[in-house]
1. Between Asn34 and Val165, what's the calculated FRET efficiency when r is the beta-carbon distance and R0 is 51 Å? Round to 0.05.
2. Which angle from 0 to 90°, rounded to the nearest 10, does the C-alpha axis of helix 50-67 make with the longest principal axis of the chain?
3. With the dipole of the chain worked out from charges on the C-beta (+1 for Lys and Arg, -1 for Asp and Glu) around the Cα centre, which of Asn217, Asn16, Ile35 lies farthest toward the positive end?
4. Dipole magnitude of the chain about its Cα centre, charges +1 at Lys/Arg Cβ and -1 at Asp/Glu Cβ only, in debye to the nearest 20?
5. Name all residues of segment 62-91 having a backbone nitrogen under 16 Å from the label point set 7 Å from the Cα of Glu24 along its Cα→Cβ direction, giving them as ranges.
6. Helix 208-257 versus the longest principal axis of the chain: what is the Cα-based angle in degrees, 0 to 90, to the nearest 10?
7. Kindly report the accessible area of the chain per residue (heavy atoms of protein chains, probe 1.4 Å, no ligands, DNA or RNA), in Å².
8. When a/c reaches 1.5 or more, the comparison of a/b and b/c decides; with that in mind, is segment 300-384 rounded, prolate or oblate per its Cα gyration tensor?
Amino acid sequence: MVLISQIIIGIFISQNILNTYIQEKRQEILTKSNILSNRIKFYLTNNEILVLDSLLKTLVENYSKEIKARIIIVDKNNIVKSDSNNEFEGSKLYHLEIQKALAGISNSNVYNFKEYGHVMYVAVPIILDDEVVGATFTSVSLNDIYNVVDRINNKIRLISLVSTVLIALMSFIFADFITKPISEMTKAITKMAQGNLGLKVEIKTNDEFKQLANAFNVMSTKLSQVDKQRKDFVANVSHELRTPLSSIKLLSESLLHQEKVDALVYKEFLQDIDSEIDRLNNIIDDLLILVDLDKEKLTLDFKTTYINFLLEKIIARLKPLAENKKISLDYIEREKIQIKVDANKIQQAVINIIHNAIKYTPEGGRVEVKLYTERDYVVIRVKDNGIGIPKESLPQIFDRFYRVDKARSRSTGGTGLGLSIAYQIVSLHQGTIDVESELGKGSTFYIKIPIDLNLA
Ligand SMILES: Nc1ncnc2c1ncn2[C@@H]1O[C@H](COP(=O)(O)OP(=O)(O)OP(=O)(O)O)[C@@H](O)[C@H]1O
Ligand SMILES: [Mg+2]
């Protein structure tokens, strides 16, 4: 492309230079010829006088030297009166240009002869008293001009060639510069497709590629996190399911291998098996709820509900559990509050949190549930004076399967899904759950749900 445009430009420039030179030359010769014609117009009519003849000759020769051209003067009968080359005097000379000049028109043409090269013929009429008395015919070689233009052409060609090579070189370097980040990114994507998640690309430029690389790195990190979560989840689920299953297996095997087992022992073992099955069921129920909440287009059944009645119902349901542990479960409300919620889901979330408060509070403790509004939110505060949560565990308690004390939870039968379910449900209501806790003193959970839920 560059070469083609250079060639076109080159041709255009040299053609222009040539035309300008020729035009200038033509103008110069025409002017000189006119001056000469004017000076010699009297000599042509008085040609008998010899002095005039020689004067004419000197004039013509001088002019010829000055403009480096051959000058021939003819009279109106085409007879050559003077020739700067002293060749045609006396003979008749017919040329297209002379004929035109004798007809009164100054004119010129350029020819390219094999032997002489480029030549310009210029002829102007010699006019005396409004009458054409002869013509001045000039022939000048244009070879100098053509040589100059040729030299210019050569220079242009050289410049074109050098600049084309330079541009080609530069575009190679530049193309490499541009494609390098792309190929780097392609490499990273290919590796990622082979399962190498979390890969990072490093791009040193400071442009859109850098932005692309940053976006890629964010995506890559996210993907590896999601992948890790998935793996952990599967591992956790298998582990949680295996524990009750192995208990069941152990219990049933010991029954099978013993002979003459007492009916009471049978019953006891079967009760254990039964409670393990309950535990399995609970885990699976919780998992199903989570899977359900994970669905992208989960449609919540929003209905205007008195939160007070909902809480009273929950308290009534959990009262026996608290009484079992001699824990006082109190409910305080400041006002009657009606908001739009999915009552079943919110009930599940609140139960999970109050259940925890009872579970993680020693016998004789106290759990208090309080309902109030704070700015645009309904707040359900669940406060206990139980074992509390260590500071470093607070950010993780809403994670799936996370338990602070794994050994203790085993005996209390938790799986670590309750809070993550509660969190998901409240999030779906555009609410939040905040925790304050001090180890050994107790914990307070704040469930906040917006009063004017934006359901759009
Ligand atoms: N009120 C509380 N006091 C002290 N620790 C708590 C309290 N609530 C939650 N925790 C801690 O947070 C962890 C996660 O709670 P979460 O409800 O998710 O699981 P879980 O109660 O162990 O099991 P489950 O799935 O049966 O609810 C608990 O294991 C416990 O260590
Ligand atoms: Mg729980």
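1. Numbers: r = 51 Å, r/R0 = 1.00.
It comes to 0.50.
2. The two axes meet at around 20 degrees.
3. In the chain, that residue is Asn217.
4. Approximately 600 debye in magnitude.
5. The answer is 67-68, whose backbone nitrogens lie closer than 16 Å to the label point.
6. So the helix axis and the longest Cα principal axis differ by about 20 degrees.
7. Details: 27740 Å² over 456 residues.
Value returned for the chain: 61 Å² of accessible area per residue.
8. Details: a/c = 2.32, a/b = 1.74, b/c = 1.33.
Prolate shape, in that a/c is at least 1.5 and a/b is the bigger ratio.
The values are calculated or read from the model by the stated rules, or taken from the named source; none is laboratory data. In this text the structure is predicted, and so the values were computed from the model without any measurement. Ideal geometry is used to build each Cβ from the backbone, glycine not excepted, and the neighbour counts take in all protein chains shown. Ligands, DNA and RNA are excluded from the accessible area calculation, which covers all protein heavy atoms including side chains. Shrake-Rupley method; radii C 1.70, N 1.55, O 1.52, S 1.80 Å.
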